[in-house]
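The values are calculated or read from the model by the stated rules, or taken from the named source; none is laboratory data. Quick caveat: nothing in here was measured; it's all calculated off a predicted structure. Here the Cβ is made from the backbone with ideal geometry for all residues, glycine too, and neighbour counts use every protein chain on show.
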Amino acid sequence: MALWRIRATVDDRPGYLSVLTASLALRGVNILTVQVHTTEVGAVDDFLVDAPDTLDEAGLIAAVERGRGRDCWVARSEARGLADQPTRVLGLATRLVRDPDVAGEALRTLLGADEVTWRPAAVAGGVTGTTMVLPDPTGGSYELSRAAPSFTPAEYARAQALAELAATASRRTADQVTLLLPDGAEAVVRPATADDLTGVLELHEGCSARTLQRRYLGGATPPAPARLRRLVEPAQGLTLIATTTGSGGAAEPVVVAMASLLTEGDEAEVALLVRDDWQRRGIGTALLRRLMGHAERVGLAALVLHVQAENTPMLRTLHRLARPTATERDGSLVTVSVPVTAAAVAGVVLAQSRHR
């Protein structure tokens with residue numbers, strides 16, 4: 001027995017696939033996997049089969065044509081073809097998350113392309129026979145080609161999803177930075193993900209009651225896990241975490257701080273939590289500056305922070321941003337607005353000059 005790949009088009013009508021499979025079965029062909037690609041010209045059926053050694057390429061094509069198949073393509077396959085498509089795609093996705101720079105190689109593997117070329121020009125995507133042009137979400141485009149068979153819309157959609165995953169992983173990698181703090185300590189700052197929930201819970205458990213009260217402006221009890229989950233990956237906004245290796249060189253990084261930016265309209269509310277033993281080491285200032293940079297990139301007008309009046313360390317951290325601020329005090333609560341856009345900065349400066 002030998003492994004073969006077969007691709008053929010049949011009319012997208014009830015019973016036509018069964019006619020094709022019956023024709024293959026009559027010749028002792030065992031169908032191992034099948035994928036159906038819907039196109040404008042019919043259903044493109046992609047088979048991985050185990051065929052008798054006596055059956056060659058011409059015999060398989062004849063069997064397909066007797067089963068009402070057309071535009072047949074046949075090629076020998078290897079044992080690795082036995083891995084089903086979802087398993088292969090998940091493996092490629094895992095590889096991309098670890099190394100987004102292999103996007104081109106992942107696309108080649110996914111589609112069985114002979115050549116993959118990245119070009120700096122952004123062009124419209126599409127499929128023309130055995131050539132596929134795929135926009136790169138990070139800029140530029142990919143051109144993929146193979147001798148046969150022709151690409152299908154379903155394959156284009158898969159490639160597009162994989163390219164988007166690579167772009168997301170690349171952006172996350174670019175957003176990660178290692179900070180060298182004034183006291184010589186190092187901390188890695190990056191966007192939080194759902195996988196960081198356990199570390200964020202441990203961060204809250206490691207904070208004193210006073211630190212939690214300053215962060216949440218209420219009781220000293222950590223928020224429920226469901227609320228923290230929403231903070232880790234907000235629907236609108238961004239949460240950054242700072243991690244460092246644990247004492248004794250622990251392999252797993254430890255979350256020592258988090259800063260959340262929750263957008264509402266053209267403004268965003270910002271809050272910061274730093275574990276007690278990592279306070280007064282510059283990490284809070286670094287986190288706020290990176291959130292400020294994010295706010296500038298997405299075009300927010302201002303950041304708003306609610307701070308207890310006695311929380312002088314936080315007010316001092318805001319002062320280090322070296323930006324004009326507007327403050328309002330309501331009893332023991334101070335609301336600080338930090339302008340982001342040039343127009344908002346000018347408005348705050350004008351307001352301050354009028355009160356002098």
Residue list for the stretch 1-35, filter: farther than 11 Å from Ala63 by Cα, in contact with a strand residue (DSSP E or B) (Cβ under 9 Å, 6 or more places away or on another chain), assigned to a loop (DSSP other than H, G, I, E, B) and not acidic (Asp, Glu): Met1, Arg13
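Give the residue, chosen from Ala25, Ala43, that is out of contact with any Pro (no Cβ under 9 Å at 6 or more places or on another chain), surrounded by 17 or more Cβ atoms within 10 Å (Cβ to Cβ) and among the small types (Gly, Ala, Ser).
Values: Ala25 fails: surrounded by 17 or more Cβ atoms within 10 Å (Cβ to Cβ).
Testing whether each residue is out of contact with any Pro (no Cβ under 9 Å at 6 or more places or on another chain), surrounded by 17 or more Cβ atoms within 10 Å (Cβ to Cβ) and among the small types (Gly, Ala, Ser) leaves just Ala43.
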Matching entry among Leu134, Leu203, Leu144, Leu165 (being modelled with pLDDT of 90 or more, within 16 Å of Ala106 (Cβ to Cβ) and in contact with a Lys or Arg (Cβ under 9 Å, 6 or more places away or on another chain)): Leu144
Residue within the stretch 168-186 that is outside the structural domain of Ser145 (by TED's automatic domain parsing), surrounded by 14 or more Cβ atoms within 10 Å (Cβ to Cβ) and closer than 30 Å to Ser332 by Cβ present: no
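Select from the stretch 180-227 the residues that are touching an Asp or Glu at 6+ places or on another chain (Cβ under 8 Å) and polar (S, T, N, Q) and write down the one among them that is farthest from Val274 (Cα to Cα).
Kept after step one, since they are touching an Asp or Glu at 6+ places or on another chain (Cβ under 8 Å), are these residues of the stretch 180-227: 180, 190-194, 206-208, 211, 222.
Filter once more, keeping what is polar (S, T, N, Q): 193, 208, 211.
Working: Thr193: 18, Ser208: 10, Thr211: 8 Å.
Per the criteria, the residue is Thr193.
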Some residue of the stretch 13-21 being surrounded by 14 or more Cβ atoms within 10 Å (Cβ to Cβ), closer than 22 Å to Ala154 by Cα, touching a Gly at 6+ places or on another chain (Cβ under 6 Å) and modelled with pLDDT of 95 or more: yes
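Would you confirm whether or not the stretch 251-266 contains a residue that is in a helix (DSSP H, G or I) and farther than 24 Å from Thr341 by Cα? Lay out the reasoning, then the answer.
Start the filter on the stretch 251-266 by keeping residues that are in a helix (DSSP H, G or I), which leaves none.
Scanning the stretch 251-266, I find no residue that is in a helix (DSSP H, G or I) and farther than 24 Å from Thr341 by Cα, so the answer is no.
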Unique residue being in contact with a Pro (Cβ under 8 Å, 6 or more places away or on another chain) and over 30 Å from Arg171 (Cβ atoms) when the list is Arg323, Arg280, Arg316: Arg280
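Is there a residue being more than 27 Å from Arg323 (Cα to Cα) and surrounded by fewer than 18 Cβ atoms within 10 Å (Cβ to Cβ) anywhere in the stretch 283-298? Full working, then the answer.
Kept after step one, since they are more than 27 Å from Arg323 (Cα to Cα), are these residues of the stretch 283-298: none.
Checked the stretch 283-298: no residue is more than 27 Å from Arg323 (Cα to Cα) and surrounded by fewer than 18 Cβ atoms within 10 Å (Cβ to Cβ).
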Criterion: in contact with a Cys (Cβ under 6 Å, 6 or more places away or on another chain), farther than 23 Å from Ser332 by Cβ, surrounded by 12 or more Cβ atoms within 10 Å (Cβ to Cβ) and at pLDDT 90 or above - qualifying residue of Arg190, Arg229, Arg275: Arg275
Some residue of the stretch 125-134 being in a helix (DSSP H, G or I) and surrounded by 14 or more Cβ atoms within 10 Å (Cβ to Cβ): no
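Which is closer than 12 Å to Ala302 by Cβ, assigned to a strand (DSSP E or B) and either at pLDDT 80 or above or in contact with a Pro (Cβ under 9 Å, 6 or more places away or on another chain) (or both), of Val338, Val348, Val334? Write out each step before concluding.
Details: Val348 fails: assigned to a strand (DSSP E or B); Val334 fails: closer than 12 Å to Ala302 by Cβ.
Sole residue among the options that is closer than 12 Å to Ala302 by Cβ, assigned to a strand (DSSP E or B) and either at pLDDT 80 or above or in contact with a Pro (Cβ under 9 Å, 6 or more places away or on another chain) (or both): Val338.
Condition check ((1) of a type in the set (A, V, I, L, M); (2) touching a His at 6+ places or on another chain (Cβ under 9 Å)) across all residues:
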| residue | (1), (2) |
| --- | --- |
| Leu261 | yes, yes |
| Glu264 | no, no |
| Leu272 | yes, no |
| Asp276 | no, no |
| Glu296 | no, no |
| Gly299 | no, no |
Some residue of the stretch 39-52 being hydroxyl-bearing (Ser, Thr, Tyr), part of a strand (DSSP E or B) and not assigned by TED's automatic domain parsing to the domain that holds Glu155: yes
Selection count where residues are in contact with a strand residue (DSSP E or B) (Cβ under 7 Å, 6 or more places away or on another chain), free of Cβ contacts under 8 Å to residues at least 40 places away in the same chain and farther than 16 Å from Ala121 by Cβ, scope the stretch 133-174: 4
Any hit, the stretch 166-186, residues being outside any helix (DSSP H, G or I) and touching a Ser or Thr at 6+ places or on another chain (Cβ under 8 Å): yes
Selection from the stretch 135-164 of residues that are surrounded by fewer than 15 Cβ atoms within 10 Å (Cβ to Cβ) and over 18 Å from Leu92 (Cβ atoms): Gly139, Gly140, Ala147, Ala148, Pro153
Single condition Ser260 does not satisfy, out of (1) of a type in the set (S, T, N, Q); (2) modelled with pLDDT of 95 or more; (3) more than 27 Å from Thr312 (Cβ to Cβ): (3)
Test result for Thr317, at pLDDT 90 or above and either in a loop (DSSP other than H, G, I, E, B) or hydroxyl-bearing (Ser, Thr, Tyr) (or both): no
